[in-house]
1. Would you confirm whether any residue within the range 70-79 is buried (at least 21 other Cβ atoms within 10 Å of the Cβ) and under 28 Å from H50 (Cβ atoms)?
2. Which numbered condition trips up H138, out of (1) at pLDDT below 90; (2) closer than 30 Å to P45 by Cβ?
3. Restricting attention to the range 26-59, and to residues there that are in a strand (DSSP E or B) and in contact (Cβ under 8 Å) with a residue 12 or more places away in the chain, which single residue is surrounded by the most Cβ atoms within 10 Å (Cβ to Cβ)?
4. Just checking: which of the strands (runs of 3 or more DSSP E) contained wholly in the range 227-340 hold 1 or more residues that are in the same structural domain as I201 (by TED's automatic domain parsing) and charged (D, E, K, R)?
5. Under the condition of being in contact with a helix residue (DSSP H, G or I) (Cβ under 9 Å, 6 or more places away or on another chain) and among the hydroxyl-bearing types (S, T, Y), which residue from the range 148-179 is nearest to Q49 (Cα to Cα)?
6. Could you list, in sequence order, all residues of the range 317-332 that are surrounded by fewer than 17 Cβ atoms within 10 Å (Cβ to Cβ) and closer than 14 Å to S172 by Cα?
7. With the requirement that a residue be over 20 Å from P322 (Cα atoms) and modelled with pLDDT of 85 or more, what does the range 174-189 give you?
8. Do we find that P214 is surrounded by fewer than 14 Cβ atoms within 10 Å (Cβ to Cβ) and in contact with a Lys or Arg (Cβ under 9 Å, 6 or more places away or on another chain) in this structure?
Amino acid sequence: MARWTPPGIRLDYVKRELLANGFGADPGSLLDRVALELSYALFAPVHEQHQPCYGAIVTDQWSHHANCIPDYLSHGSIDGGAYERLLADGTNGFLVCERVAEPKAIWMPHSALLGEAALFSLRDEILFGQAGRSPHSHPAGTDLVLVQRLADGSVTVLHWDGVTSVRNGQWSHRHYQYRYKVEETLESRVGHLSDDMKQTIRSLLRICLHVLSPAGCGATIVAALDGDQELAGCLNCANALPALSGLTVRNKRHHRTLAHLLDQIDGAAVVAEAGDLKCVGAWLKPKDRRDSVSLGGSRQLTAQSTSASVASPILTVSADGPVRVFHRGELIADFSKPPP
């Protein structure tokens, strides 16, 4: 089987769109290889009127990263030989591509990786989990980029600067890296955040950025601080669904279930410090703030106005993607924009 090579004009187009849609920092000098694998994901040869799914891991030092993958995530790897791209279905098999060497190895996860949240967990675990590095700083001189095409034709590129997506021919980019700074910002404003609250904030941001936002699911989530005495007066829970025993934002396996729930119910979800869901379908009761400027619609304006009266942070996800965090009437994080 002849090795696949895209036309030069197509490769130039992909590089140009990557650079225009968030692929800025390139610590491993991976742009050329990422563009090549993304070209295949977008324009793979059609067989019997069907364009295949695809997945690739692009890195400058796979041997180092492979040692950092915990056993529960990895089923091992095989030599793909001449069939390497035909074996990489993007959920149960990923083609391993280094910057210079020809790709041959197929890495197989322990269970299928479906969607952005699963890709993010894998990348985060490889780069930061086992290596003991802080996610607040970039691992110097290295990176790991994930490319995935799913059966619905959507293509995702997960890299250091965020997520670049191609859906129905439309390119877009979302930032996520400075999510690690949100808890620090909150702690500086509140005075102290419990370890429980820090973990809950991280989990909520993961749900908002990597589950709700890419699915186009709008949501408002109140991260209820223990001791926030003003919060009860700013929530109308008369018609809200009560707490659900065992359902928690801290369990990654519950994230898609939570997203499915939020996609079907109006109003806000209220989450306790420990991550348990207190209720869904609560209505926010904002104070009158005529000086507030809407940042994207009534959801954001209501969240911002309500947050001015409470100590608890409020997160919003717009149906068109942007994720924002409000505290004490101020916007403290806007993931539709580059990190400050």
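The values are calculated or read from the model by the stated rules, or taken from the named source; none is laboratory data. All values reported here derive from a predicted model rather than from experimental measurement. No Cβ is skipped: glycine too gets one built from the backbone with ideal geometry, and neighbour counts run over all protein chains shown.
1. No, there is no match, as no residue in the range 70-79 is buried (at least 21 other Cβ atoms within 10 Å of the Cβ) and under 28 Å from H50 (Cβ atoms).
2. Here H138 clears every test but (2).
3. Filtering the range 26-59 for residues that are in a strand (DSSP E or B) and in contact (Cβ under 8 Å) with a residue 12 or more places away in the chain, the one surrounded by the most Cβ atoms within 10 Å (Cβ to Cβ) comes out as V58.
4. 277-284, 323-327, 330-334
5. This residue is S154.
6. D320, the sole residue that qualifies.
7. Scanning the range 174-189 gives E187, S188, R189.
8. In short, no.
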